[in-house]
Structures are given as structure tokens and as C-alpha cells.
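Step one of this worksheet: look at the structure below.
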Amino acid sequence: MRPRERLTFSWLLLSFVLLTSLAGIEFYVFVQLSAAQKGQLLELLFPYRYFILVPILILLGLIIFGAKWVLENLWLPLAQLTDEVELLFSSRTSSSLTSRVPLHFQRISCLLNEQSKRIEKLQKGIESKISQAKKELEQEKNVFAALIEELSEGVIVCNSSAYILLYNKSAQELFVDQENGNTAENTNKSQLGLGRSFNTILPTPRLKYTLNELQERHRLGSSHLVQHFSTWFGSKLLRVQTIGILDPENKLSGFVFICEDLAPHSSDYHPHEVLELLHDEQRRASIANIRSSIETLQDYPEMPTEKYRLLMKTIQEHSVKLSEQLTHNPMHNKAELRVLCPLELTPIQEWLQSLNINPERPLKLTCIMADSSQTWYVQLNRYFFSQVLEFLFQQLHQLLHLTQLEIRLDRKDQFIMLDICWQGKELAPVELRNWLNHPLRSISEDQTVNISEILRQHDAEIWFEGLPDSLEHGLRLFVPCLDEMDPKFELKSHINLGSRPVFYDFDLFHKTSLSKKWNEVLLTEATYTVFDTETTGLNPAGGDEIISIGAIRIVNGQILRNETFSQLVNPQREISPQSFQIHGISVEELQDKPLISQVLPLFHSFVQDSILVAHNAAFDLRFLQMKEDSSGLIFDNPVLDTLLLSAVIHPNLDKHDLDTLAQRFGLDFKQRHSAMGDAEVTAQILLELFPMLNSKRINTIQDAQSAAKKSYYARLKY
Amino acid sequence: MPKKILIIEDDPAIVVSLEFLMLQQGYDVQVTTNAEEGEKTIRQQMPDLILLDINLPQRSGFELCRQLRADSNFDQTRIVLLTAKGREVDYQKGIAFGADEYIIKPFSTRDLVQTVHDLLSTTRNLI
């Protein structure tokens, strides 16, 4: 209810109560009298009726109109004054009381204005000191940012829930989804964005596996929190190095991802690959054949003609084969496997312990280490090698109906012997051979890699060990062991925030709200997409269409001006003259623009994992809802409306339109009635509203939504 | 009585020269092209020396070598691994599996003949 309507209603109610109470009292007294007394009273009063009634009516009138005067001239101005005082002391912009106040309150108004100016002066002093301190901090941050910016690798820093806190330009360029043809204009075409989930951007099981693995390693007390994996992102083959970040309390507070596109190098050989060429087994075999044939011919010139011909044929065939091998580059596949399945130094005991924890496995594992005092390191790809072991466990369970396995770990010279032992039936060699051809989950759908290839990549061997007269059997995995650790290994094992200079102190690390349920998230900590639309008219149900969408993100209380969405849309219909007058966009301008069916998926992806905010959101949302059936895209994000929130804060102020709010908070429009310009101002209004909402104990998204629902404006429907 | 040599190699090109060379040295030479057949021949013929390729179909030379070394009947049988696997880790693996020599392709046939001769003129030390 608007303030003036509420005032009229209160006044009418007061008058009604007054009149009915008076009449009620008189009626009650009258019915208490006896018939004789009633007659006497009427007889006594009747001649003086006008002298009695007129003063009573005058008195009533005075009371009723007096009340109206009090409500209009004291209560309403005071209520408005209260809202203005609240605004005066909570707003960050310079303002003074402007409400018309009765003469006797003007002194209070003047005093409040003076007080406000004094506070403002003090605030400015504090702000200038804060700004100076921030400037110094900013300089240090800039040095750090410049350092990261200069790196050719893409660097992404995430919190422990894999939500992005920081990324550099190279990362932004790496994660541009060219295949989906992002057509938005002036838009951050990269999928990266602060507060977005890295898991959503890179939806590979390798990433999830790596994060779980590092968390598990950290839980088990390991300080080795580095892991590599390779994966495809569109046409790019990325090598991702993941490093855990420990806070001063030694808690795992986040991850750094260092990403490199390997695809540009895949056609070239690196120097170490040239060396690898020399090791190529096929070439070695061909050269061996040629050499042994030549040497035999030299040593035995008198050999039989048939042998002579055979040796000459060998030389000729293998020279051709060698030439073909050099031309056709047979190392490519091998090099690719090395890229896809990179090996890293791994403490094998620790890896086995982490492997032991798998609640879904039907088998019980017992690990026995021959020497627990020493750490043995192997070159391992945990993702693939764990799959190999899980597959073997599963097969042993299914084929031999085993429920218990014992893992024994021992070392012989340069090798680790990992024995998977069981009591019971033995395993036929042919079974093991079939298992080795089993394809594993790989990094892309069209690419598979089998166990045998993975073992070869690890230089590992596997065989069945069993004695015919014994009940104990085993599979032995023979994996090369490393004698000494690479000294660099320890240095790069994790990043410790406590050991870094102060400019590395990101508050964002401690924010875990992103993983909470929406309604519990604090207003100041949530991620928002503030948007606005321009349309062909005001009637979405009557066929009016969107012609422009503008959106900007707010993360951790900051407007991200480099993470925006701005797109004109071809509505395929006329624009009403009234609407044209407002936004000034003509149909001709929109002829070559994409259709809403092309734009909505991009916008849907842009608003993912955020709260939608708009001014008078019901209007803009109605347009989006009208497209749900045709696009199949549902915008089910939680919604906040700045119009409703303003009405919640200042229920006694009449106006809550965008222009009034901008003026009230001292904000300037870059471009009024452009979707992007309006979205940006709405974002600033939202930030201005937060402290006021907090002072009314509206702290979470749910609080804000519940309060907004009760607001008068929530009744507007489109 | 000539010493018996068994060549287990699936590449016929190198078998031609190896077989010829060993015959010229006066050895009794037999050839098989896979590990299964090779194992049968070994158990029947008890060769003094085996020239064993590592990259064999189905079962690797490493595995056959390991199995023979686990069987005391073949304590005195010399095993020479012939391989195109030229890295240190492969060499280490060959030695760990009990090979007497690990010869990386391409090799000198003259050196090979000398190695075979040296191995056959000594007894295998079991310690």
C-alpha cells in the first residue's frame, strides 16, 4: 500500500472507531435505564437537544479533522524524515534532508543536516586514509598481477570448491569456446569468470579425479599436492598442472591450475622427442637387420646363392621400411600417448593408501608394505594406473568370486613389486592376456587406450604368480622405481600462502558460500548477474519481443566491468513507436543481428551459478519465460528485484523507479535506456541497498526475497 | 657334441643372418617365432643358450626369461635378450629378470658371436 493511501485508511479507521465507540457508550447507558428513567431522560433532554448535539458534533469534528491534520502534517513528514535520515546516514554519497517538514521540526532537520555534514567530513578523512592504504596494497597487487599476466601459461586460481578467484589473460584466451560460436558483441568471449565453477568450464572426469585425489592426499597428511593431467578443450589439447594451496593453518584453501595448450606443438618434435626417435624400436630393428645382413655378407662372401639373395633382400626391404618410417612419422601416436598420459613422480605407498579408500569396491583390500620406513617413488599417472588396478580388482572379484585381496609392496633392485594376492583358485594366463586388451576410460570419447598400452607407458610388466600346489596366488606388477627424488619436486609440491608476501592475501579464499544453498548465502557474498532488456513493446504475452540484453556480473561485492554480456537481437517484428521513443533502437539496426533463439543459450550460460537481478524483474523475466517452450532454456536462478528491495528499505517514499533511485544514491547513467547502461546502474543500486538491508536485519538471499514478496510492488504482474 | 642354441625371434629378416652365423660357428641351431613354441622346445631340447627377442607376439621375452629363471632345471641355460628396447629401464628389467646379456639392436654380429662364444665357454654363477 502506498504511504498516502495507508494514511487515508488509518484516518478513516480512527474516525470510525471514535464514532462507533461514542455511539456504543451512549447506547449502553441508555439500555441500562428503566422504562420510567428513559422517559424522564428523554423528557428532560428533548427541549435542549440542539444545545447538546451541536457541541458534541463540533467536538467530534475537531477530533476527526485534528487527527487528519496530525497524520498529514506530523506523522507522514516524520515517517519520510525517518527514511531520509536513514538514507542520509547509510548512503555513501553526499546528500541532505529535503523533505518538507513542519515548522517546529525544522530545527531538528537543520541539526541532522549539520550532524550529517560532520559525519561526512569524518568519513572522508577515514576514506582518504583507507584509500591511501588501498593504493599501496593495489600497487603490490599490480606487481603480482603483472607477473601473472606476463606468464605464457594460463593461470587460474580457485578456492577449495573449484570456484574461480583469479585468472590471467593467457587463461582467458585458452578457454574461448570457438566451437560453440559465441556471437555476443562486446562480450567476454572466454568461459572463464570470477566466481564461476572451473568444474563446469572443464567438465572432464580427470579434473574431478585430480581435485579429489589432492584433497585425499592432503587429508592423509601428504605435502605432495601437485598433479598433472591432459585433456581436450574443444580443439585444444591442454596440459593442466594442479597445485594445492595451503593456508597458514595448513588447510587446503584452494588450487592453482597452470594450463598449457599442447596442440600447437603436436606436429613438431621437441628436442627430447628427437632423442626418443633414436629409441624407436622399429627403427632399431630395421637397422639391426641391415647391419647383421651386411656383416654376414662381409664375413662369409662364399655363402650359398640362396642365403646371399635372402640377405640382400633383407637389406633392400629394411632400407625401404626405414625410409617410410622417417617419412610417415610413426612416433606420433606414441608421443600423443605420452602427452595424454603424463607420468609424475609419485610416492607409491601414499598412492596405495589413497587407493585403498573406495567405499564402492566390493572387495576388501589389505595393504602390507615390506618397508614402511622408506618412501619409494615411481613415475606414475595416477588416473590411468588407478583405473588399471580397479579393473583388475573388479575382474578378480567377478571371475574368481574373491571378496578379499592382499596388496604387498616390495622392492627388488630398481623395481617395485606390487603383488595382488589371494587365496583360492588360480588365474588362467589367457584371462590376464584378455584383460590387458581392455580399453580404459580415456580423455576423449573417440580415443581409447588399453591396459597394455598404459603398462608400456609406465615401463611396467604384469604376470600371474602361482604355484600349482599352493592355494595362494597373485598378480605381480613390476614397476621401475626411482632412486633419488628430483630436488625440484619438493619445491613445487604445494603453495603455502603463509610463506608469500602480504599482497598475496586474497580474502576470497575463505569464502565458501558459493557451494552453499542459495537461500543461505549472504547478500554481500553472493554472485549476481544484473541484467536489463529492451523490447519492442510492453506486452510480452501479446507478442512483444526482446531486442537487446545487457548484463554485468557482481562477485564478492565488486562489479566486474570486464565480465559483461551485451547483445542486440533481431526481433523479426516491428517496434512500437512508444518503445522506439524510449530506447531509440530501430528495426533497421537489428536486421543483421542474431535471433533470440541464438542469443538465449549464450545468455543462459552467462547467468549460470548466479542470482539474477533486475529493476522491475517481473517485466524482464516474463520475456524470458515466454521463450521457455521454444528454446527449452529455463531461467530458474533465484531472482532479486531492486525495485522491490528499494520499497522494502523506504516504504514511505513514493518513487522507486530507476531514475529516482539513481538520483537518490547519486549515481550517473552512462547510457540511460540501453540494456547495458541500465544493467550497470541497477548493479550499483544493488550494492547501495546492501548496507540498508543489513540494518533491517535482511542479510541473506532468502531474507531479501521474503521481504520483497511483502512489498506493495510485488503485486505487479505482466 | 655341438652346443645347442635356440633362437626365439618373430622377425624372419634377422633370423636369416642369426641362424646362418650360428651355424657357421658350428652350433646346433633351432628357431621358433613365439614364446609358447619356444618354451616347448626349451623343455624338450634343453638348449645351452637362448637368443631371445623381447617383443614377441602374445607373451613377451621378458616373461619367458623370468619363468625360465624361476625354474631350477634351467639354472645353467644362458639367456641373451635381443631387443630394440634401448633404454636404461629396459636393460635394468632384463637383468632383473635374470638375462645373462642384454643386447640392444642394432648390434654388431661379430660382437654377438663373440658374446655367445664367451657365455658358452663359462659356467653360470648362481650367486
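The values are calculated or read from the model by the stated rules, or taken from the named source; none is laboratory data. Being a predicted model, the structure only gives us computed values, none of them experimental. Here the Cβ positions follow ideal geometry from the backbone for every residue, glycine too, while neighbour counts run over all protein chains shown.
Say whether the condition of being more than 22 Å from residue A:711 (Cβ to Cβ) and of a type in the set (A, V, I, L, M, F, W, C) is met by at least one residue in region A:670-681. Yes: region A:670-681 contains one or more residues that are more than 22 Å from residue A:711 (Cβ to Cβ) and of a type in the set (A, V, I, L, M, F, W, C).
List the pairs whose first member sits in region B:103-127 and is closer than 16 Å to residue B:79 by Cβ and touching a residue at least 60 places away in the same chain (Cβ under 8 Å), whose second member is basic (Lys, Arg) and not in a loop (DSSP other than H, G, I, E, B), and whose Cβ atoms are under 7 Å apart, counting only residues at least 6 apart or on separate chains? From residues that are closer than 16 Å to residue B:79 by Cβ and touching a residue at least 60 places away in the same chain (Cβ under 8 Å), the pairs are B:119/B:78; B:120/B:78. The set of residues in region B:91-108 that are surrounded by fewer than 18 Cβ atoms within 10 Å (Cβ to Cβ), within 7 Å of chain A (Cβ to nearest Cβ) and either touching a Phe, Trp or Tyr at 6+ places or on another chain (Cβ under 7 Å) or of a type in the set (Asp, Glu) (or both) is empty.
Counting just the residues of region B:15-29 that are closer than 15 Å to residue A:289 by Cα and either at pLDDT 95 or above or in contact with a strand residue (DSSP E or B) (Cβ under 8 Å, 6 or more places away or on another chain) (or both), which one comes out nearest to the other protein chains (Cβ to nearest Cβ)?
So in region B:15-29, the residues closer than 15 Å to residue A:289 by Cα come out as B:15-21.
From what's left, either at pLDDT 95 or above or in contact with a strand residue (DSSP E or B) (Cβ under 8 Å, 6 or more places away or on another chain) (or both): B:15, B:18-19.
Values: B:15: 10, B:18: 7, B:19: 9 Å.
Taking the candidates together, the pick is B:18.
Residue count for region B:44-90, restricted to those that are more than 10 Å from chain A (Cβ to nearest Cβ) and not β-branched (Val, Ile, Thr): 23. Of all the numbered requirements in (1) among the charged types (D, E, K, R); (2) more than 12 Å from the chain's Cα centre (by Cα); (3) within 24 Å of residue A:282 (Cα to Cα); (4) at pLDDT 90 or above, residue B:59 misses one, and that requirement is (4).
Results for (1) surrounded by 14 or more Cβ atoms within 10 Å (Cβ to Cβ); (2) within 26 Å of residue A:164 (Cβ to Cβ); (3) β-branched (Val, Ile, Thr); (4) out of contact with any strand residue (DSSP E or B) (no Cβ under 9 Å at 6 or more places or on another chain), shown as yes or no for each residue.
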{"residue": "A:581", "(1), (2), (3), (4)": "no, no, no, yes"}
{"residue": "A:586", "(1), (2), (3), (4)": "no, no, no, yes"}
{"residue": "A:597", "(1), (2), (3), (4)": "no, no, no, yes"}
{"residue": "A:602", "(1), (2), (3), (4)": "yes, yes, no, no"}
{"residue": "A:624", "(1), (2), (3), (4)": "yes, yes, no, no"}
{"residue": "A:631", "(1), (2), (3), (4)": "yes, no, no, yes"}
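Residue A:263 passes every criterion in (1) within 8 Å of another protein chain (Cβ to nearest Cβ); (2) modelled with pLDDT under 85 apart from (1).
Would you call residue B:75 more than 16 Å from residue B:107 (Cα to Cα), touching a residue at least 60 places away in the same chain (Cβ under 8 Å) and either surrounded by 23 or more Cβ atoms within 10 Å (Cβ to Cβ) or of a type outside the set (Ser, Thr, Tyr) (or both)? Full working, then the answer.
On the way: more than 16 Å from residue B:107 (Cα to Cα): yes; touching a residue at least 60 places away in the same chain (Cβ under 8 Å): no; either surrounded by 23 or more Cβ atoms within 10 Å (Cβ to Cβ) or of a type outside the set (Ser, Thr, Tyr) (or both): yes.
When the stated conditions are applied, residue B:75 does not pass them.
Filtering region B:80-89 to residues that are within 11 Å of residue B:103 (Cα to Cα) and either in a helix (DSSP H, G or I) or of a type in the set (Val, Ile, Thr) (or both) leaves B:80, B:83. Screening region B:38-55 for residues that are under 23 Å from residue B:93 (Cα atoms), out of contact with any Lys or Arg (no Cβ under 7 Å at 6 or more places or on another chain) and surrounded by fewer than 20 Cβ atoms within 10 Å (Cβ to Cβ) and picking the one that is modelled with the highest pLDDT gives B:39. Applying the criterion of being of a type in the set (A, V, I, L, M) and assigned to a loop (DSSP other than H, G, I, E, B) to the residues of region A:563-603, the residue that is nearest to residue A:194 (Cα to Cα) is A:569. In summary, strands (runs of 3 or more DSSP E) completely within region A:344-430 and bearing 2 or more residues that are within 14 Å of chain B (Cβ to nearest Cβ) and surrounded by fewer than 18 Cβ atoms within 10 Å (Cβ to Cβ) occur at A:404-412.
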